[in-house]
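Chemist: Here's a structure for you.
Values quoted throughout were computed directly from the atomic coordinates according to the rules given, and no laboratory measurement underlies them. For clarity, every value in this text was computed on a predicted model and none was experimentally measured. Cβ sites come from the backbone with ideal geometry, for glycine too, and all protein chains shown count toward neighbours.
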Amino acid sequence: MVGDGSGAEVLGRPAGGAESGRLAELFGLLSDSARAGILYALLEAGDLSVEDLYTWTGVSPARVSDALRVLRTARVVASRRSEDTVVYSISGDRVRRLLEVASHSAAERRIRLRGVDASRSA
């Protein structure tokens with residue numbers, strides 16, 4: 001059920017509540033450039049160690065560690081031990097799909113903005 005067209009209901013459920021809060025929290029994780037960079041690196045490269053994440057993102061070790069703590073607490077990334085190294089990965093297919101959509105959307109936006117810049121300079 002779509003409701004009265006106001007957007008207040010989607011699929012028969014009222015918008016808002018706990019679901020909106022969880023969604024806002026998830027997108028809030030992407031609002032920090034270090035966390036977004038880590039998630040993008042994991043999306044593109046797969047499982048990475050902390051040292052790989054420093055290299056990939058160019059973010060200081062302290063910021064990477066802090067960002068990983070936040071992402072682990074939110075259960076967006078998972079960690080596992082591989083011999084003497086801790087390796088991080090995106091936690092689950094749902095998170096991976098959401099990040100893929102967000103990454104694709106950001107890329108489309110950059111392309112559109114480049115087109116706007118080109119038309120302004122012409």
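Chemist: Once you compute Rg and the Kirkwood Rh from C-alpha atoms, what is the Rg to Rh ratio for the stretch 31-121?
Modeler: On the way: Rg = 15.2 Å, Rh = 14.1 Å.
In the stretch 31-121, Rg relative to Rh is 1.07.
Chemist: Say R0 is 35 Å: what FRET efficiency, to the nearest 0.05, do Ala18 and Arg97 get from their beta-carbon distance? Let's see the in-between values first.
Modeler: Working: r = 21 Å, r/R0 = 0.60.
Efficiency, from the Cβ-Cβ distance: 0.95.
Chemist: What is the extension gain from Ser49 to Ala78, computed as 0.36 nm multiplied by their sequence separation minus the C-alpha to C-alpha distance, in nm to one decimal?
Modeler: 9.3 nm
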